[in-house]
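Student: Questions regarding the structure given below will be posed in turn.
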Amino acid sequence: MTPRENGDGRFADYGPPLPVDGGLRARSTRGAIGVSWWSRRFLEVLESFALGTRLTRGRSYARKGQVRSLEITPGRVTATVQGSRPQPYRVTIGLAAFPARVWARLERDLAAQAFFSARLLAGDLPAELEEVFAAAGAPLFPAEVDELTQRCSCPDFAVPCKHLAATFYLLAEAFDADPFELLRWRGRGRAELLDRLRALRGTAGDPQRTTRAADRGPEPDGADHERADAAGRAGGGGASTVDRARPAVGAARALDALPVAPLDEAVDVFWGLPVPLPDRPPSLVTEPDLLLRQLGAPAPAIGGPGLVERLRRAYRALGSS
C-alpha cells in the first residue's frame, strides 16, 4: 500500500496499528498523563513549544501499548514503536547532557543544603530543584524546541509524529516511576549522583574538621593505628576500642567519621552536632503512591497494573482521611 500525502505535507495513516503483545502501556487510562510535578512540567514544556495538538496524536498509542521498548541514556532516548507496518519504527529523542564541570557545580550546590540531599536520597525531586539547575545555568528542562532532536523512521513528515508523541508520553511516565531517569537523561545517573552527594556532605558536615586536617598536613603511615592503639590503652584495655575490621552502621557511621582528639581539644565542640541538620524545615509534598511508582507494576499473576491502580486509589483515600 502506498501512503497518501495530505495537503499539509503529512502522510495519511496506513490504517490501525498492529497489536503488540507485552508492549509498554501508559498507566493513565484517561485524562492527563503525568502524576509528579516533574513529569507534568516536562509535558507542559513540550506543549509550550506548540506541540500540544501533535502530542495528543500519540496518546492512544501510548495507552494501547504500541511502544515496544524505551531506553534512557545520557543525552539520548531510544524507543521502538509499532505502527501499521510489520517493522516497528525507530524513535530517537536527543537532549544534550550537561558536561562534567556543570554537574560538579550542581553537586556542590545540592550538597550544600541537607534539604536537597535528604529528598534525593529518599528518591524524590523537590520542586526547588529546578531553581538550583537554573541558577547554575543548566535548565533542567529544555528552554527551546530546537534543543530537542526528534527523529523517527516512519514516513510522516510531522514532528512530532504519533510515534514520537507516544514516546514522549511514556517518557513522562518513566520519570514518574523513577525521577532519577530525568537526571540520567541530563547526564548523571542515580548511583553516581548519590555517591557524590554523600561524599560532599561528609566533608561539608564539619568545616573545622577540614581546616584542621589541612593544617596538620599528611600523616605518616600507621598514624591512624597508633592513635587507635593509644585510645585503647587509655580506656584500660589491651586492644583498640574501635573495631576497624567491622564497618560502622547507623549513628556510629557518623560518629566514626569524627576525628580522635584529646579531651581538652574536644570540650569546645562536645555539644556540637556530629552531622548537620537541615538548614530549613523539610516540607515533604509527595504523593501517597510514591512507593508504588518506585516499584512499578507487579506481575500479572498477582494482579498486574490493575492491582497498582486499586492500591493507588486506596493510598490516596487513606492519605486524605
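Just so you know, all these numbers are worked out from the coordinates, no wet-lab data involved. Everything numeric in this text was worked out from a predicted model, so none of it was measured. All Cβ positions, glycine included, derive from the backbone under ideal geometry; neighbour counts span all protein chains shown.
Student: In whole Hz, what ³J(HN,Hα) sequence does segment 15-27 give by Karplus (6.51, -1.76, 1.60; θ = phi - 60°), x for Gly and Pro?
Tutor: Ordered by residue, 3J(HN,Hα) equals x, x, x, 5, x, 10, 8, x, x, 7, 10, 4, 5 Hz.
Student: Ranking Tyr169, Tyr89 by Cβ neighbours within 10 Å, fewest first, what do you get? Mind dumping the intermediate values first?
Tutor: Numbers: Tyr169 25, Tyr89 22.
With the sparsest Cβ surroundings first, the list reads Tyr89, Tyr169.
Student: For a quick protection proxy, order the peptides 68-80, 134-146 by their average other-Cβ count within 10 Å, most packed first.
Tutor: Values: 68-80: 16.9, 134-146: 13.9.
The peptides rank, most packed first, as 68-80, 134-146.
Student: Work out from phi, with θ = phi - 60° and the Karplus expression 6.51 cos²θ - 1.76 cosθ + 1.60, the ³J(HN,Hα) of each residue of segment 54-64, listed in order in whole Hz, and give x for Gly and Pro.
Tutor: Taking θ as phi minus 60°, the curve returns 6, 5, 4, 5, x, 5, 5, 4, 5, 7, 7 Hz for segment 54-64.
Student: Roughly how many whole Å is it from the C-alpha centroid of segment 38-90 to that of segment 133-188?
Tutor: Rounded to whole Å, the Cα centres lie 9 Å apart.
Student: Could you order the peptides 115-128, 95-108 from most to least packed, using the average number of other C-beta atoms within 10 Å per residue? Mind dumping the intermediate values first?
Tutor: Numbers: 115-128: 17.4, 95-108: 15.7.
Those peptides, ordered most packed to least, come out 115-128, 95-108.
Student: Can you list residues whose amide H is under 5 Å from Arg76's amide H, if they're 5+ apart or on another chain and H is modeled 1.01 Å from N?
Tutor: Those qualifying (amide H under 5 Å, at least 5 residues apart or on another chain) are Leu95.
Student: Calculate one ³J(HN,Hα) per residue across segment 102-108 by plugging θ = phi - 60° into the Karplus curve 6.51 cos²θ - 1.76 cosθ + 1.60, and present them in order as whole Hz with x for glycine and proline.
Tutor: 5, 5, 4, 5, 4, 5, 5
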